[in-house]
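Note sheet for the following structure.
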Amino acid sequence: MPRNKASQISDAPRPFVDPQGIVSRAEIYFNSGMHLCLVGPPGIGKTTLVHQLAGGEDRVRTVIGGQSDKGHLLGGLRQNEDLSISWMDGPVVEAVQRGLVLYADELAAFDRDCLLVLHALLDFRKRVFLTSENREIRVHPDFRFIASCNQSPSGYDPLLREFRDRMVYIYVDRIDSASEAELLLERFELATEDVDYLIRFASVLRKADPLGGASTRQLETAAKAVSLGVPRHVAAVDCVLSSIAGSGLAHRDSLLNMIRAEGLGLDELWHSDPVEDAVVIVDGDETWS
């Protein structure tokens, strides 16, 4: 039986969990008109923090590095249903004109043309020029820019210093285990032993890979699965470990062996009795197994 009904799990936005005291200083920078870059591993709540600073998701326009080109950022000509052609503003133009927050996720993955567009928003010029429209847009005084990026595996930031100097960098670490456990207990009303299992499971994966190990977001997904009746060891493997390994079976097996070495009870899942040989039944000209 599920430990908790799906209807009892709140999907409402939760506040950024902040044992490090990040929000207070981020608000000072943000409210004074400074632009931010949040640096930290995936799944720790950077997007949640952006929405909180902005005053709600509807105040944010998001663009993602590696998935956006200059035309997507600024907009372009689009064909309407009546086959007429008109200009459609992109998320950068909309945020600049309306005084919204432009959130550039995965900042280091944007190409040079996109970075040139963003750079013009951050320096003293504070303008966007639409060449095809021969139109210059001045930045609304309430406009804010927030970027985020994961920690660089090489240890060096690939962005030019001239670009980085126009932002305040805030490093966001994973929350501590006690805060993480409190979050899962409060949000999903799990049994304490289930939460302890998930936290221990995550700690093993984080020791194996401090940058790419289990994220808080993955733990929340696993906790939700447990609350809906999925056994905790199954949820942990499906929602955390397998997500980290992806399609890399060798990596997955290696992580599973690390979990087994910690005695976290996976043997009943992965060492089941061999399946008996199939019984072949011949029915006329057809063979069934």
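Bear in mind that the values in this text are calculations on the coordinates, not laboratory data. Please read these numbers as outputs of a predicted model, since none were measured by experiment. Reconstructed Cβ throughout: ideal geometry from the backbone, glycine too, with neighbour counts over all protein chains shown.
Determine ³J(HN,Hα), in whole Hz, for all residues of the range 49-66 in sequence, where each value follows from phi through the Karplus function 6.51 cos²θ - 1.76 cosθ + 1.60 and θ = phi - 60°; x replaces Gly and Pro.
These are the phi-based 3J(HN,Hα) values: 5, 4, 4, 5, 5, 6, x, x, 4, 5, 8, 10, 10, 9, 10, 10, x, x Hz.
Enter the angle in degrees (range 0 to 90, nearest 10) between the Cα long axis of helix 177-188 and the first principal axis of the Cα atoms of the chain, meaning the one along which they spread out most.
Its long axis makes an angle of about 80 degrees.
Classify the range 22-171 from the C-alpha gyration tensor, please: rounded if a/c falls under 1.5, else prolate or oblate depending on whether a/b exceeds b/c.
prolate
If I take R0 = 35 Å and measure r between the Cβ atoms of GLU262 and ALA109 in this structure, what FRET efficiency does the formula 1/(1 + (r/R0)^6) give, to the nearest 0.05?
My answer for the efficiency is 0.50.
Which one of THR48, ASN80, LEU121 is farthest out on the positive end of the charge dipole of the chain, using unit charges on Cβ (Lys, Arg +1; Asp, Glu -1) and the Cα centre as origin?
Comparing the listed Cα positions along the dipole, LEU121 ranks first.
Using alpha-carbon pairs under 8 Å, 6+ residues apart, how would you state the relative contact order of the range 22-171 in percent?
33 percent
Is the range 175-266 rounded, prolate or oblate when judged by the Cα gyration tensor, a ≥ b ≥ c being the square roots of its eigenvalues, rounded requiring a/c under 1.5 and prolate requiring a/b larger than b/c?
Prolate shape, in that a/c is at least 1.5 and a/b is the bigger ratio.
Counting Lys and Arg as +1 and Asp and Glu as -1, each charge on the Cβ, what is the dipole of the chain about the Cα centre in debye, to the nearest 20?
Magnitude of the dipole: close to 1760 debye.
Run through the DSSP bridge list for the chain and note the antiparallel percent, rounded to the nearest 5.
Just about 40 percent of them are antiparallel.
Report ³J(HN,Hα) in whole Hz for each residue of the range 191-206, in order, from the Karplus equation J = 6.51 cos²θ - 1.76 cosθ + 1.60 where θ = phi - 60°; Gly and Pro get x.
5, 4, 5, 5, 5, 4, 4, 5, 5, 5, 4, 5, 5, 5, 5, 6
Taking 35 Å as R0, compute the FRET efficiency from the Cβ-Cβ separation of MET88 and ARG161 and round it to 0.05.
After rounding, the FRET efficiency stands at 0.50.
Hey, what angle do you get for helix 112-122 against the long axis of the chain, alpha-carbon based, 0 to 90 degrees rounded to 10?
Tilt relative to the chain: about 60 degrees.
Here are a few candidate values for semi-axes √(5λ) of the Cα gyration tensor in Å: (i) 44, 26, 19; (ii) 43, 32, 22; (iii) 29, 21, 19. Which one was actually calculated from the structure I just gave you?
It is the one labelled (i).
For n ≥ 4 DSSP H runs only, could you compute -39500 (n - 2.57) per run for the chain, divide by its residues and tell me the 222 nm figure to the nearest 500?
Per the formula, -11000 deg cm²/dmol.
Hey, what do the phi angles of the range 67-76 turn into as Karplus ³J(HN,Hα) couplings, whole Hz, using 6.51/-1.76/1.60 and θ = phi - 60°, x for Gly and Pro?
For the range 67-76, the Karplus-derived couplings read 10, 10, 10, 4, x, 5, 5, 8, x, x Hz, x marking Gly and Pro.
If the chain between LEU130 and GLN97 were fully stretched, how many nm would it gain, using 0.36 nm times the residue separation less the Cα-Cα distance?
10.6 nm
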